[in-house]
1. Can you tell me how much longer the chain between A253 and K144 gets when fully stretched, taken as 0.36 nm per residue apart minus their C-alpha distance, in nm with one decimal?
2. Please report the equivalent ellipsoid semi-axes of region 210-306, computed as sqrt(5 x eigenvalue) of the Cα gyration tensor, largest first, in whole Å.
3. Taking other Cβ within 10 Å of each residue's Cβ, how do D71, D260 sort, fewest first?
4. So what's the net charge close to I318: Lys and Arg +1, Asp and Glu -1, counting the other residues with Cβ under 13 Å from its Cβ?
5. Where does helix 13-22 land angle-wise versus the long Cα axis of the chain, in degrees 0 to 90, nearest 10?
6. Net charge around A74, counting only other residues with Cβ within less than 15 Å of its Cβ (Lys, Arg = +1; Asp, Glu = -1)?
7. Give me log10 I(q)/I(0) at q = 0.17, 0.21, 0.31 Å⁻¹ for region 106-147, Debye formula, one equal scatterer per alpha-carbon, no solvent.
8. Ranking S303, S101 by Cβ neighbours within 10 Å, fewest first, what do you get?
Amino acid sequence: MKILFIGGTGIISSACSQLAIERGHELYLLNRGQTTKRPVPAGAKVLHGDIRDRDSARVALADHTFEAVVDWIAFTPDHIETDLDLFRGRTTQYVFISSASAYQTPPANVPVLESTPLDNPVWLYSRNKIACEERLLRAYREEKFPMTVVRPSHTYDKTLCPIEGGYTMIDRMRKGQKVIVHGDGTSLWTMTHHKDFAKGFVGLLGHNRAIGDTFHITSDEVLTWDQIYRLMARAAGVVAPHLVHVPSELIAAYDKDWGDGLLGDKAYSMIFDNTKIKRLVPDYVAAIPFAQGTQEIVAWFDSDPANRVVDEQLNQTIDRILAAYEAVWPK
């Protein structure tokens with residue numbers, strides 16, 4: 001197929017770009033060519049343009065048409081309006097990358113299905129994704145715009161330490177400093193390697209049964225947050241990390257962005273039923289355990305000093321949160 005990725009060099013999309021090329025698809029990337037961490041894969045054709053500038057995008061797209069268009073960087077309804085304007089009549093499938101954080105939070109039932117209500121009262125990011133989905137569903141119903149919605153959950157690659165603070169937390173572990181784990185560390189979570197996600201995702205492209213429908217794609221491995229932190233520590237060579245359990249509400253009181261990501265998502269157990277994606281893509285299986293992923297992450301950080309960035313402002317915030325917590329619950 002002839003496929004267009006808007007973006008295509010991000011954490012999730014980079015693996016999908018590579019796999020699409022390996023499977024023989026003709027892949028075009030529409031982007032500004034500013035990526036540094038992940039180069040454009042060999043074989044992809046780059047259309048230089050800015051999707052946030054309709055005229056720039058229109059010039060870059062010229063008279064191209066595509067069997068599938070995927071927007072990896074649409075976050076608000078106005079982004080969707082731009083895409084509708086640009087791709088009506090230009091593609092037979094348009095894929096919007098939403099988020100599993102759009103599901104009901106906290107969930108009334110687990111495992112989460114695609115039919116689980118969309119309702120996130122805390123996190124603006126998630127509410128915007130919901131609004132995007134609603135606009136696309138209306139376009140499908142009113143004009144048969146060939147949309148498909150995909151909801152990734154916590155998906156990572158080797159460049160992303162998927163615990164709050166990234167390398168800063170690894171650095172604290174290695175120095176024997178205290179590291180915050182939200183809640184009591186026992187809530188359940190799902191981590192998905194981007195190469196696993198790609199296997200399910202690329203299989204949806206061009207699939208006529210995916211039109212007008214919604215799918216999440218996640219691993220089936222379920223871990224507690226304590227297990228996630230300890231696996232990350234073990235990969236970093238730390239046998240006994242000093243984990244401190246702090247209520248999510250207290251974290252939110254000191255750091256709104258961190259708190260929104262917790263109270264609007266990570267503070268609650270989220271387990272996903274992947275039956276639907278497996279029905280359309282029968283060979284989909286998530287085969288990379290998080291323990292293996294942590295090894296890749298630490299190896300990437302340790303491969304170059306430039307990768308090991310410590311956020312001193314975050315360190316100060318962590319120390320303030322810990323001081324406030326231990327003033328009430330001394331250890």
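1. 34.7 nm
2. Equivalent ellipsoid semi-axes, largest first: 29, 22, 13 Å.
3. Placing the least packed residue first, the sequence is D260, D71.
4. Numbers: positive: R172, K175, K178, R320; negative: E164, D171, D255, D311, E312, D319, E326.
With Lys, Arg at +1 and Asp, Glu at -1, the net is -3.
5. The answer is roughly 50 degrees.
6. Once positives and negatives cancel, what remains is -3.
7. -0.58, -0.78, -1.02
8. Fewest to most other Cβ atoms nearby, the residues stand as S303, S101.
Every read-out reported here was derived from the displayed coordinates using simple, explicitly stated rules and does not represent laboratory data. Since the structure is predicted, the reported quantities are computational estimates derived from the model, not experimental observations. Cβ coordinates were reconstructed from backbone atoms using ideal geometry, including for glycine residues, and neighbour counts include every protein chain displayed.
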